[in-house]
Amino acid sequence: MGDEGAEGNHPEGWPGQLWLEGRTLVHLLDEQTRPTHMPRGPAKRTGPGFLNPAMAPARTRSVLLLNDALEHNWLVRTDQSIRVLDALCATGVRIRRWRNEVSAPLQQRLRITANDLDQFALDWARASHSMHPPAQSIEHEPEDDRYGSVSEQAFNNGLDFRNKDARIAMIESGYQWIDLDPFGSPVQFLDAALQGLSRTGVLEITATDTAALTGSSASSQARRYGAKGIVDVYAHDDAVRLLLATVATTAARLDKSVTPLMALFDGHHVRISCLIKTSREKASGIGNMIGWRVREGDVPYRFVQHPTPEQVERASGPMWVGPLWDKEIAGRMTEEKVLEMCQPSAEELEEMKLQGLEWSEDDVEYSARELRRSVRYISDAADLMSREHLLLNLDSLPRWAGIGGAPKIEKLIASILQEGFSAARLPDLEPLLVTDAPFETVLKHVRKTSPSTK
Ligand SMILES: C[S@@+](CC[C@H](N)C(=O)[O-])C[C@H]1O[C@@H](n2cnc3c(N)ncnc32)[C@H](O)[C@@H]1O
């Protein structure tokens with residue numbers, strides 16, 4: 001345990017109760033109910049310092065993505081470091097997970113800054129980091145920001161805390177990685193985030209205003225995102241594509257282009273991760289990536305660039321119509337990798353129990369299951385999601401196929417694969433199928449594999 005007094009006064013209620021997320025010990029406020037593993041949907045907030053356990057899978061994927069950038073050098077060269085900012089870090093769980101769980105040999109190349117406007121949350125983050133410092137101490141020269149103030153990072157064992165409006169924190173330095181996780185919509189932070197990134201950078205965004213993004217709140221959708229939705233089986237995919245289109249058009253105005261690395265609808269929020277590059281030429285190509293989804297009579301939908309006046313009624317958009325994931329990066333998000341990186345060893349768990357963590361055998365099993373669930377289906381779907389594909393909800397297929405019941409999704413996928421096409425399941429609460437087979441071919445396999453046609 002570190003010296004919890006080193007960072008000044010403890011926030012009220014400290015130390016609360018201990019919880020484990022990934023391989024990182026987390027202090028929860030006493031009034032927050034002990035989370036269940038695999039919580040779904042928005043949790044009941046108990047004020048500043050509240051940790052939303054339903055966001056754990058998104059934080060886990062963020063650890064994997066940052067590690068992947070360093071391990072596979074797709075953002076900076078092997079000898080360079082990455083300057084990362086969690087612009088709305090709250091109690092600092094994400095930044096502490098980055099510091100603890102990104103592989104040890106890569107840690108010295110990480111420069112992490114954590115910002116939040118809420119002093120209480122920030123104090124809680126500092127106290128947690130101080131009490132549970134990273135396994136290896138982080139040493140590097142302090143860095144200056146654009147306005148000459150010196151980073152405290154080197155003195156805070158690898159985390160530089162800032163207490164500013166996120167819009168100011170983001171443009172102070174040229175970050176190569178910004179995480180934006182606000183309450184509700186991220187739109188008010190987008191411009192500053194894009195301007196705060198260096199010429200090549202990663203922007204990760206969480207949006208919990210799903211009513212606006214899906215179109216179930218049509219007026220907020222029109223006002224905030226300038227779009228029109230249809231609340232049907234494509235509402236989740238539309239929400240992801242709408243947020244991407246908003247980021248891409250905002251970026252294009254700043255001569256920046258957007259390449260999605262990973263984009264998911266995860267229960268009660270949308271999470272997108274994009275590579276942003278300053279390039280007038282690429283930014284000018286934005287028009288090819290934006291279009292509308294038109295529901296049709298012969299296939300469930302088609303993407304068009306501009307709907308005709310007759311199509312508008314059954315169209316949602318404008319939205320991103322390009323690829324949603326990066327094949328290589330998403331392909332490496334496997335269950336083996338997540339367990340290797342984010343599951344504590346038996347020795348680490350024993351040490352944490354000595355520090356006061358109450359963790360039963362069931363907790364060990366359920367938390368491993370939760371880690372696997374964070375990336376389930378992703379690597380199998382990586383190829384299809386990085387190119388043109390057809391997205392289908394299993395439950396709507398019997399109607400199209402003119403039969404009584406849907407087949408099991410695994411059987412349907414196996415049958416499509418046998419014919420030489422690609423098919424995979426998507427991570428979603430709904431049974432979603434993604435494939436490059438023509439729609440008629442899919443229907444043939446639905447009829448073939450459905451129990452109701454036996
Ligand atoms: C959803 S929480 C962030 C959760 C955190 N990323 C995590 O994974 O635990 C949103 C945070 O944004 C902070 N916040 C809201 N408006 C802000 C602003 N303008 N500048 C900086 N922080 C802000 C709030 O204090 C809150 O802690």
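Remarks
- Filtered residue count, segment 156-209, keeping only those that are more than 12 Å from the ligand (Cβ to nearest atom), part of a helix (DSSP H, G or I), open to solvent by 10 Å² or more (accessible area, probe 1.4 Å) and not acidic (Asp, Glu): 3
- Among the conditions (1) within 10 Å of the ligand (Cβ to nearest atom); (2) assigned to a helix (DSSP H, G or I), LEU117 misses just one, which is (2).
- Checking each residue in segment 80-107 for being open to solvent by less than 10 Å² (accessible area, probe 1.4 Å), outside any helix (DSSP H, G or I) and of a type in the set (A, V, I, L, M) picks out ILE82, VAL84, LEU85, ALA87, VAL102.
- Qualifying positions in segment 273-306 - basic (Lys, Arg) and part of a strand (DSSP E or B): LYS277, ARG293, ARG295, ARG302
- Each residue in segment 429-454 was checked for being open to solvent by 30 Å² or more (accessible area, probe 1.4 Å) and either at pLDDT below 95 or in a strand (DSSP E or B) (or both), and 6 pass.
- Taken over segment 307-331, the criterion of being of a type outside the set (A, V, I, L, M) and either in a helix (DSSP H, G or I) or open to solvent by 80 Å² or more (accessible area, probe 1.4 Å) (or both) is satisfied by PRO309, GLU310, GLU313, ARG314, LYS327, GLU328, GLY331.
- Qualifying residue in segment 229-248 (condition: assigned by TED's automatic domain parsing to the domain that holds ASP68, surrounded by fewer than 21 Cβ atoms within 10 Å (Cβ to Cβ) and hydroxyl-bearing (Ser, Thr, Tyr)): no
- The set of residues from segment 340-362 being open to solvent by 40 Å² or more (accessible area, probe 1.4 Å) and hydrophobic (A, V, I, L, M, F, W, C) comprises ALA346, LEU354.
- Selected residue (criterion: farthest from the ligand (Cβ to nearest atom)) from residues of segment 49-79 that are open to solvent by less than 70 Å² (accessible area, probe 1.4 Å) and either farther than 30 Å from ASP428 by Cβ or at pLDDT below 85 (or both): ASN73
- Residue ID - farthest from HIS27 (Cα to Cα), chosen from residues in segment 360-388 that are in contact with a strand residue (DSSP E or B) (Cβ under 7 Å, 6 or more places away or on another chain) and not aromatic (Phe, Trp, Tyr): LEU384
- Residue in segment 253-262 that is under 22 Å from GLN221 (Cα atoms), in contact (Cβ under 8 Å) with a residue 24 or more places away in the chain and among the small types (Gly, Ala, Ser) present: no
- Condition broken by THR36, with the remaining ones in (1) modelled with pLDDT of 95 or more; (2) over 20 Å from ALA127 (Cβ atoms); (3) of a type in the set (Val, Ile, Thr) satisfied: (1)
- Per this entry, THR259 is not counted among residues that are open to solvent by less than 50 Å² (accessible area, probe 1.4 Å) and among the polar types (S, T, N, Q).
- Within the option set LEU349, LEU357, being modelled with pLDDT of 95 or more, under 30 Å from ALA104 (Cβ atoms) and out of contact with any strand residue (DSSP E or B) (no Cβ under 7 Å at 6 or more places or on another chain) holds for one residue only, LEU349.
- Verdict on ARG77 being in a loop (DSSP other than H, G, I, E, B) and of a type in the set (Lys, Arg): yes
The values are calculated or read from the model by the stated rules, or taken from the named source; none is laboratory data. Quick caveat, the model's predicted, so the values are computed rather than measured. Glycine also receives a Cβ, built like all others from the backbone with ideal geometry; neighbour counts cover every protein chain displayed. All accessible areas refer to the heavy atoms of the entire protein, side chains included, with ligands and DNA or RNA removed. Shrake-Rupley method; radii C 1.70, N 1.55, O 1.52, S 1.80 Å.
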